[in-house]
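The block underneath contains the structure these notes are about, expressed in structure tokens.
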Amino acid sequence: MSPAVSSALSLLALGLAVVAILLATIANRRWARRPTSQPLAEVLGEESSALRSEVEALRVQVEDLAARGDDEGDPTALRHVALVRYDAFADVGGRLSYSVALLDDTGSGLVLTTLSGKADVRTYVRTISAGTPDGSLTAEEQQAIDAAVGSRQ
């Protein structure tokens, strides 16, 4: 990219940043001048009753979920989690690499593995269906799955 184009783009970005700061300042001043003693229902106007009914519906849903407990929850929810930290490479210490197993009640889910080296970090995902991985697993990935399955029992 030529220096002239680069300078023009930098100037345009600076101008947009200044405009954004001005707009934020104006909005902040208007917000600060609003009457503070005005009830929320008056500020929201007609939307207040709609918001109240939505909040009430959400409250009822939360109470229903809390009353059901874990035994009747969604069997496909990823509730069984295990983390295994390790040194993937001999020249890198600190156990910066890890494998995380996220499984549901049926043994399906995924294993997320991040290998940390000196120069780079790589992340891999393997899917698990009913306890069967989509490919071969490392010892650490299998250890994470075993720990997550152990948390299911």
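Worth pointing out:
- Residues in segment 130-143 that are exposed (fewer than 12 other Cβ atoms within 10 Å of the Cβ) and not in a helix (DSSP H, G or I): 4 in all.
- Filtered residue count, segment 76-108, keeping only those that are assigned to a loop (DSSP other than H, G, I, E, B) and not aliphatic (A, V, I, L, M): 13
- Selection status of D64, outside any loop (DSSP other than H, G, I, E, B) and either charged (D, E, K, R) or at pLDDT 75 or above (or both): yes
- Tabulated pairs, segment 84-100, first closer than 9 Å to G117 by Cβ, second in a loop (DSSP other than H, G, I, E, B), C-beta under 7 angstrom, 6+ apart or interchain: F89/G117; D91/K118; V92/G117; V92/K118; S97/D87; S97/A88
- Of all residues in segment 111-129, those that are crowded, with 18+ Cβ neighbours inside 10 Å and either closer than 13 Å to L78 by Cβ or touching a Pro at 6+ places or on another chain (Cβ under 9 Å) (or both) total 3.
The values are calculated or read from the model by the stated rules, or taken from the named source; none is laboratory data. Quick caveat, the model's predicted, so the values are computed rather than measured. Using ideal geometry, Cβ is built from the backbone for each residue, glycine included, and neighbour counts are taken over all protein chains shown.
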